[in-house]
Amino acid sequence: MLDVFHFIMKGLFITFEGTEGSGKSTQVSLLAGRLYGLGYTTRVLREPGGTPIGEEIRHTLKHSQANDAMTAEAELLLMNASRAQLVREFIRPALAKGEIVVCDRFYDSTTAYQGYGRELELPMVKTVIDLAVGDTRPDLTLLLAVTPSVSEERLRSRQSTLPFIRDRIEEADREFFERVAHGYEKIAEAEPQRVRKIDATGDVETVRQAIWREVETILPTMNAKA
Ligand code: TMP
């Protein structure tokens, strides 16, 4: 548990990670709603994006008609350009005010997707991440883990219910997503204190409770019941 002094001075930075269809966005909203309900000033952000500049970069990365030829290196740099902006424009100022920041993806996504998935050299990936974030690091990362088949199934059902919007990254093959999932496993193994793996194959409520148990342990004593 963090002490109240840490919280007031540094805020609290929580990130969500996982492959496509892991249910991150739903759980981000649920957690933020609960924190907000308990009286914590809570800011929800996402990557890539989260700032006006970042949202333009997100469009280029994912949906632009002109992004077919994007190289893995350009992808790495654009992800981190968006991140550098988000860190300085929103995350640091919010933490400095003692707020809770909940971010849907952060730099572990780059390690998993550009490092393990696109197979860029991990030390180079780390150098770029370090430039983008400096010492702004999450206090807690919730890794929502689902099997590749659950991920594919959820993605298919999402695609069949929403209007079709092309997404360049989702067009990658199954081996790519298997490498990404393996990358997340390695990240969780390397930093078990920060990165808490949550079984996200269950229903929304079960996953929500598992997440809350983790978050509760790092909330300051002033409001940690609930
Ligand atoms: P999402 O917001 O629907 O999760 O889409 C973001 C996509 O961008 C997802 O496919 C993961 C990918 N991504 C990376 O490849 N590297 C990164 O650093 C980040 C933040 C996201």
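The values are calculated or read from the model by the stated rules, or taken from the named source; none is laboratory data. Keep in mind that this is a model prediction, so the values were computed, not measured. Note: ideal-geometry Cβ built from the backbone for every residue, glycine included; neighbour counts use all protein chains shown. The area values use the complete protein model at the heavy-atom level, side chains included, leaving out ligands, DNA and RNA. Shrake-Rupley method; radii C 1.70, N 1.55, O 1.52, S 1.80 Å.
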Pairing a residue in the stretch 123-152 that is among the hydroxyl-bearing types (S, T, Y) with any residue that is in a loop (DSSP other than H, G, I, E, B) and open to solvent by less than 60 Å² (accessible area, probe 1.4 Å), where Cβ atoms lie under 8 Å and the two sit 6 or more apart in sequence or on different chains, gives T141/F106; T141/R194; S151/T19; S151/E20; S151/G21; S151/S22
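Is it the case, given these coordinates, that S29 is open to solvent by 10 Å² or more (accessible area, probe 1.4 Å), more than 8 Å from the ligand (Cβ to nearest atom) and small (G, A, S)?
yes
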Among (1) at pLDDT 95 or above; (2) open to solvent by 60 Å² or more (accessible area, probe 1.4 Å); (3) away from the ligand (no atom under 13 Å from the Cβ), the one test that F5 misses | (1)
Filtering the stretch 41-80 down to residues that are open to solvent by less than 50 Å² (accessible area, probe 1.4 Å), charged (D, E, K, R) and under 26 Å from S29 (Cβ atoms) yields E47, R58, K62
Determine which single condition G23 fails, assuming it passes every other condition in (1) small (G, A, S); (2) away from the ligand (no atom under 16 Å from the Cβ); (3) open to solvent by 20 Å² or more (accessible area, probe 1.4 Å).
-> (2)
Which residue pairs have Cβ atoms under 8 Å apart, sit 6 or more places apart or on different chains, and have a first residue in the stretch 72-101 that is on the phi < 0 side of the Ramachandran plot and among the polar types (S, T, N, Q) and a second that is modelled with pLDDT of 95 or more and open to solvent by 50 Å² or more (accessible area, probe 1.4 Å)?
-> N80/L131; S82/I53; Q85/I53
Any residue in the stretch 139-159 that is over 19 Å from K24 (Cβ atoms) and within 13 Å of the ligand (Cβ to nearest atom)?
-> no
In the stretch 104-122, what residues are surrounded by fewer than 23 Cβ atoms within 10 Å (Cβ to Cβ) and of a type in the set (S, T, N, Q)?
-> T111
Single residue of V125, V180, V150, V101 found to be outside any helix (DSSP H, G or I) and either surrounded by 13 or more Cβ atoms within 10 Å (Cβ to Cβ) or under 16 Å from the mean Cα position of the chain (by Cα) (or both) = V101
Y36 vs (1) among the aromatic types (F, W, Y); (2) open to solvent by 10 Å² or more (accessible area, probe 1.4 Å); (3) within 13 Å of the ligand (Cβ to nearest atom): all pass except (3)
Note on the stretch 153-169: residues open to solvent by 40 Å² or more (accessible area, probe 1.4 Å) and of a type in the set (D, E) are E153
With respect to G134, determine if the residue is buried (at least 22 other Cβ atoms within 10 Å of the Cβ) and of a type outside the set (D, E).
-> no
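Which one of these is under 17 Å from T141 (Cβ atoms) and part of a helix (DSSP H, G or I): R88, R83?
Numbers: R88 fails: under 17 Å from T141 (Cβ atoms).
Within the list R88, R83, the selection yields R83.
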Name the pairs whose Cβ atoms lie under 7 Å apart, with the first residue in the stretch 30-48 and assigned to a strand (DSSP E or B), the second among the charged types (D, E, K, R) and more than 16 Å from the ligand (Cβ to nearest atom), and 6 or more positions between them or separate chains?
-> T42/E99; R43/E99
